[in-house]
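Every read-out reported here was derived from the displayed coordinates using simple, explicitly stated rules and does not represent laboratory data. Bear in mind that the values here come from a model prediction, so they are computed numbers and not experimental data. No Cβ is skipped: glycine too gets one built from the backbone with ideal geometry, and neighbour counts run over all protein chains shown.
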Amino acid sequence: MVRVMTTTPIALAVLGSGNGTNFQALADAIGAGRLDARIVCVLSNVENAFILERARRLNIPAEYVSPAPFKTKLDGVAEQQTLDRLRHYGAELIALAGFMMIIKPRLLKAFAGRIVNIHPSLLPAFPGLEAWKQALAGGIKITGCTVHYVDAGTDTGPIILQRTVQVLESDTAESLHARIQEQEHLAYPAAVQQVIAKIRGQARGG
């Protein structure tokens with residue numbers, strides 16, 4: 001059953017560097033009436049990232065923003081250009097979807113409490129890159145995914161929502177990652193909807 005939203009959707013911007021499956025999950029949730037947002041733009045630091053093609057197929061503005069002069073942090077000219085594009089599209093909330101650059105203080109300040117990320121582990125365990133491989137190497141039995149607010153650290157912001165995934169004895173890095181992604185696609189829209197409800201509550205003074 002499709003739930004009918006009665007409020008003005010939040011203007012959501014998505015930043016990504018890769019395939020964009022979590023962007024797709026957000027877009028699908030919006031289409032199904034489970035997420036009260038409209039995606040106003042998709043920005044990527046990778047010129048040929050498939051997330052841009054996904055957005056264009058949905059008639060969502062999709063732009064490449066050069067990361068120069070840095071490769072791993074959104075700083076300097078690239079940060080200013082990103083801010084300019086976000087303001088141009090009227091973004092109110094930012095969702096990182098496989099965005100492989102560190103967010104720096106100016107963007108954090110401009111969107112304080114309004115930047116969220118999804119990470120493929122149960123934070124604070126296994127922050128950083130390829131967390132599913134870290135989980136396998138660590139020999140743990142349960143991992144999962146975490147949606148959290150973005151702060152100045154690496155995967156250290158306040159947790160919004162988590163979902164668990166059992167690590168099987170037969171798991172490879174690929175099979176475990178695939179099952180974590182299945183849970184990510186459920187968790188991210190639900191968590192973003194929680195953030196939207198919080199933003200609206202603050203706007204009402206609640």
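Descriptive notes on the structure:
- What the Cα convex hull of the chain gives, in volume per residue, is 128 Å³.
- Computed over the stretch 120-185: relative contact order in percent, which uses C-alpha pairs under 8 Å that are six or more apart: 35 percent
- Least to most buried among Thr156, Thr72 (fewest other Cβ within 10 Å first): Thr72, Thr156
- Were the residues from Arg57 through Thr154 laid out at 0.36 nm apart, the gain over their Cα-Cα distance would be 31.7 nm.
- Normalised contact order of the chain, rounded percent, pairs of Cα under 8 Å and 6 or more residues apart: 19 percent
- Ordered by the number of other Cβ atoms lying within 10 Å of each residue's own Cβ, fewest first, Glu92, Glu174 fall into the sequence Glu174, Glu92.
- Among beta bridges from DSSP that stay inside the chain, the antiparallel ones total about 35%.
- Taking 17 Å as the cut-off, the amide N atoms of the stretch 153-189 that come nearer than this to a point 7 Å along the Cα-to-beta-carbon line of Lys141 belong to 164-171.
- Extension reserve of the Glu47-Tyr64 stretch, reckoned as 0.36 nm per residue once the Cα distance is removed: 5.6 nm
- Measuring r between the beta carbons of Thr72 and Glu182 and using R0 = 25 Å, the FRET efficiency lands at 0.35.
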